[in-house]
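A short worksheet on the structure shown next.
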Amino acid sequence: MNLSAIFGEALRALRQNRLRTGLTMLGMIIGVAAVVLMLSIGQGARTKINETIAAMGSNLLLVVPGATSSGGFSFGSGSVRTLTINDANAIAELSSIRSTAPVTSGTVQLNYAAKNWSTLITGTTPEYFDVGNWAMESGTAFTESEVRSAARVVVLGSITAKSLFGDEEPVGKTVRITNRPFLVVGVLMAKGQSLTGRDQDDNVFVPISTSERQITGNQFPGSIRYMLVQGASAEEMDLAEIEITQLLRQRHRIPNGKDNDFTVRNLTAIADVATDAAKVMSIVLGAIASVSLLVGGIGIMNIMLVSVTERTREIGIRMAIGANQRAILTQFLLEAMMICIMGGLIGLLIGIGGAWLVSQVADMLIVITLGMIGLAFLFSSAVGIFFGFYPAQKAASLKPVDALRYE
Amino acid sequence: MSSIQTTHSTQSLIQLEQLCKSYSLQDVHGQTITTQVLYHINLTIHQGEFVAIMGHSGSGKSTLMNILGCLDTPTSGSYWLSGKNVAALSSNELAQIRNRNIGFVFQGFNLLKRMTALDNVATPLLYAGISRSKSRKQALEFLRHTGLEDFAMHQPNQLSGGQQQRVAISRALINHPSLILADEPTGNLDSQTSNDIMQLFEKLNRDQGITIVLVTHEDDIAAYAKRLIHLKDGHVTIDKNNTEVTALHETF
């Protein structure tokens, strides 16, 4: 008997017992749908985090003023202002460092025409856009010479630009910041939330000198809120951290045995933790979903065993009219596999539908890859073969005379 | 008899030599109990014969039938079918013999449920590797011969006993076997239908030269056969030509 004929026989047998076939398939459907849904949620979370990390910039260190503790008291980092623009310039000279961007910040009121917008202002240098991996939507960043001359130029975050200008092109227009006119030189591309969930696009950027002298003012001239440091390479991040620490201790004249008056944080390490957490999450989700697939598989084996017992006489008749062991084995194996593959396909569709629903309802990023679909298909056929083989083997190894005599 | 045991005539379809069959069962105490069913059967059936194997229940006639049909294997002794030693064949080869050389007709019809008469008849062809459409075409031809063309798309439970048995006979014949084994083929049928079925067998034997081995315990059914073999407690007690019935039929 050729394979297509056996396939026909198997299909006929499944059709004869629609309800049972359907219920058995349901186990498979739920299993595969759960796996696809969980994998897509996990993959979505990983993709989201990877995007955020890529947007953040690579090999980043954050240096903030203030020690974690001083003389028995704990201070929040950043609570004192010990870092200066000169520190940032000195750090930029280190061999393990690519560039640095000092940052001051505050809150300001912006006006354009009749519109008002209150937002964060960041005073920094042109390096900031490079280190922070910012791309320009239109226009350019401000220049080194504009920093030196404390020019009244501003780069707008995408949300700020949208809020003030609507569909109008902001570059070349003048906005008023705390009632002083500023020329808009650039608008940034949207970046979305940071790892900590802060919206990064509602922000304006001005030269650090301009910010200090004309907008926020500064109690301690030259001091900064924090600096972003980009290491020369991923391998040298630890070295960069050590070099920065040594240099700053030396510049700040901190004697041995006393605590640092600054803190260096490795943002890449934080990103790695987030990536690992997402990875673990998707593995755990996948594992939990796999259990339901396993249960579905056992259900198939159970039903196939019952089916073999119930159809012992049929098997006997088939053997009497010429079915060999291989034909019987193949038929029962095909029945199990057809339940699994059909269940797998339906489960896949339901899983994809469920993923879409979750993305709509929970506003989550859901990613379905071709590999995932292949995996679900492969897994369901594997379950069919694995759990279908024993019952099929049992059917094929029946002795014709015993099978025929079975009541 | 000794000459039969050593020569394997090409005309002899079936040749049994010192064939024994015993079953081993475990009783409730785990002790093995061996029951011997057939004792040293020597039997030769030639191509074209119509043989009735008779005996009471427990005489071993069904066991003998199962062995003849390659559904069961002898414990000792040998069985030559068309010159082939059945004991030496693999389960695949036995399946092939059942498919090509032997047609079965059972007491309980043994049709596949929820399958049309047509597909039931076509199934042996499928197992012989013939395509579904070709098999169906041929099956319809065979149903036409047995007058069941109109019932081709009926399922067994929609057919009468006699019709079911005709379907079963069509199925047995479809691969042009040299041997038909019929195990109490009329056991579930009324006497009129039984006679119809037996006349069909007789016709097949007479017109197509198909060898028919019939198991029955009814004398009037056995009367259709040309040779009678009586089994009692696993021994052949009578093996004779059915002269009276032959004579009876000659009067027609």
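The values are calculated or read from the model by the stated rules, or taken from the named source; none is laboratory data. Small disclaimer: the values here were computed from a predicted structure and weren't measured. Please note: Cβ atoms are built from the backbone with ideal geometry, for glycine as well, and neighbour counts cover all protein chains shown.
Do you know which residues across region B:77-126 are surrounded by fewer than 17 Cβ atoms within 10 Å (Cβ to Cβ) and within 8 Å of another protein chain (Cβ to nearest Cβ)?
Selection gives B:92, B:100, B:113, B:114.
Condition check: out of contact with any Leu (no Cβ under 7 Å at 6 or more places or on another chain) and within 14 Å of another protein chain (Cβ to nearest Cβ). Does residue A:12 satisfy that?
Yes.
Taking the residues in region B:52-76 that are in a loop (DSSP other than H, G, I, E, B) and among the β-branched types (Val, Ile, Thr) as candidates, determine which candidate is nearest to the other protein chains (Cβ to nearest Cβ).
This residue is B:73.
Hey, does region A:220-234 have a residue that's modelled with pLDDT under 85, assigned to a helix (DSSP H, G or I) and surrounded by fewer than 18 Cβ atoms within 10 Å (Cβ to Cβ)?
yes
When you check residue B:189 against the structure, is it more than 14 Å from chain A (Cβ to nearest Cβ), without any contact (Cβ under 8 Å) to a residue 60 or more places away in the chain, on the phi < 0 side of the Ramachandran plot and buried (at least 19 other Cβ atoms within 10 Å of the Cβ), yes or no?
Here the answer is yes, as residue B:189 does meet what is asked.
For residues that are out of contact with any helix residue (DSSP H, G or I) (no Cβ under 7 Å at 6 or more places or on another chain), closer than 15 Å to residue A:10 by Cα and not acidic (Asp, Glu), scanning just region A:308-353, find the one that is farthest from the other protein chains (Cβ to nearest Cβ).
Top of the filtered list is A:311.
Are there any pairs with C-beta distances below 6 angstrom linking a residue in region A:49-75 that is assigned to a loop (DSSP other than H, G, I, E, B) to a residue that is modelled with pLDDT under 75, with the two at least 6 apart or on different chains, and if so which?
A:66/A:75; A:66/A:77; A:66/A:78; A:66/A:79; A:66/A:80
Pull up region A:379-407, narrow it to residues that are of a type in the set (Gly, Ala, Ser) and closer than 16 Å to residue A:10 by Cα, then point me to the one that is farthest from the other protein chains (Cβ to nearest Cβ). Explain how you work it out, then say what you get.
First, the residues of region A:379-407 that are of a type in the set (Gly, Ala, Ser): A:380-382, A:384, A:388, A:392, A:395-397, A:403.
Going one step further and asking which of them are closer than 16 Å to residue A:10 by Cα, we end up with A:381, A:384, A:388, A:392, A:395-396.
Working: A:381: 25, A:384: 23, A:388: 21, A:392: 16, A:395: 14, A:396: 9 Å.
Ranking the qualifying residues of region A:379-407, first place goes to A:381.
Taking the options B:150, B:119, name whichever one is over 22 Å from residue B:193 (Cα atoms) and of a type in the set (Asp, Glu).
Numbers: B:150 fails: over 22 Å from residue B:193 (Cα atoms).
Every option except B:119 fails the conditions.
In the list A:264, A:229, A:295, which residue meets the criterion of being of a type outside the set (D, E, K, R) and either more than 30 Å from residue A:89 (Cβ to Cβ) or within 14 Å of another protein chain (Cβ to nearest Cβ) (or both)?
Numbers: A:264 fails: either more than 30 Å from residue A:89 (Cβ to Cβ) or within 14 Å of another protein chain (Cβ to nearest Cβ) (or both); A:229 fails: either more than 30 Å from residue A:89 (Cβ to Cβ) or within 14 Å of another protein chain (Cβ to nearest Cβ) (or both).
Of the residues listed, the single one that is of a type outside the set (D, E, K, R) and either more than 30 Å from residue A:89 (Cβ to Cβ) or within 14 Å of another protein chain (Cβ to nearest Cβ) (or both) is A:295.
Can you tell me which of (1) under 16 Å from the mean Cα position of the chain (by Cα); (2) surrounded by 22 or more Cβ atoms within 10 Å (Cβ to Cβ); (3) under 27 Å from residue B:134 (Cβ atoms) is the one residue B:173 doesn't meet?
(2)
Here is a yes/no grid of residues against (1) part of a helix (DSSP H, G or I); (2) over 30 Å from residue A:319 (Cα atoms):
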{"residue": "A:352", "(1), (2)": "yes, yes"}
{"residue": "A:358", "(1), (2)": "yes, yes"}
{"residue": "A:365", "(1), (2)": "no, yes"}
{"residue": "A:372", "(1), (2)": "yes, yes"}
{"residue": "A:382", "(1), (2)": "yes, no"}
{"residue": "A:386", "(1), (2)": "yes, no"}
{"residue": "A:401", "(1), (2)": "yes, no"}
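Quick one: which of A:321, A:317, A:328 is hydrophobic (A, V, I, L, M, F, W, C), in the same structural domain as residue A:398 (by TED's automatic domain parsing), within 18 Å of residue A:404 (Cα to Cα) and free of Cβ contacts under 8 Å to residues at least 60 places away in the same chain?
A:321
Residues being over 15 Å from residue A:336 (Cβ atoms), within 14 Å of another protein chain (Cβ to nearest Cβ) and crowded, with 17+ Cβ neighbours inside 10 Å: count how many of those fall in region A:15-32.
0
Evaluate the following for residue B:77: is it at pLDDT 90 or above, under 19 Å from residue B:218 (Cα atoms) and out of contact with any helix residue (DSSP H, G or I) (no Cβ under 8 Å at 6 or more places or on another chain)?
Against the criterion (at pLDDT 90 or above, under 19 Å from residue B:218 (Cα atoms) and out of contact with any helix residue (DSSP H, G or I) (no Cβ under 8 Å at 6 or more places or on another chain)), residue B:77 does not qualify.
What number of residues within region A:280-322 satisfy the criterion of being of a type in the set (Val, Ile, Thr) and more than 30 Å from residue B:92 (Cβ to Cβ)?
Within region A:280-322, residues that are of a type in the set (Val, Ile, Thr) and more than 30 Å from residue B:92 (Cβ to Cβ) number 7.
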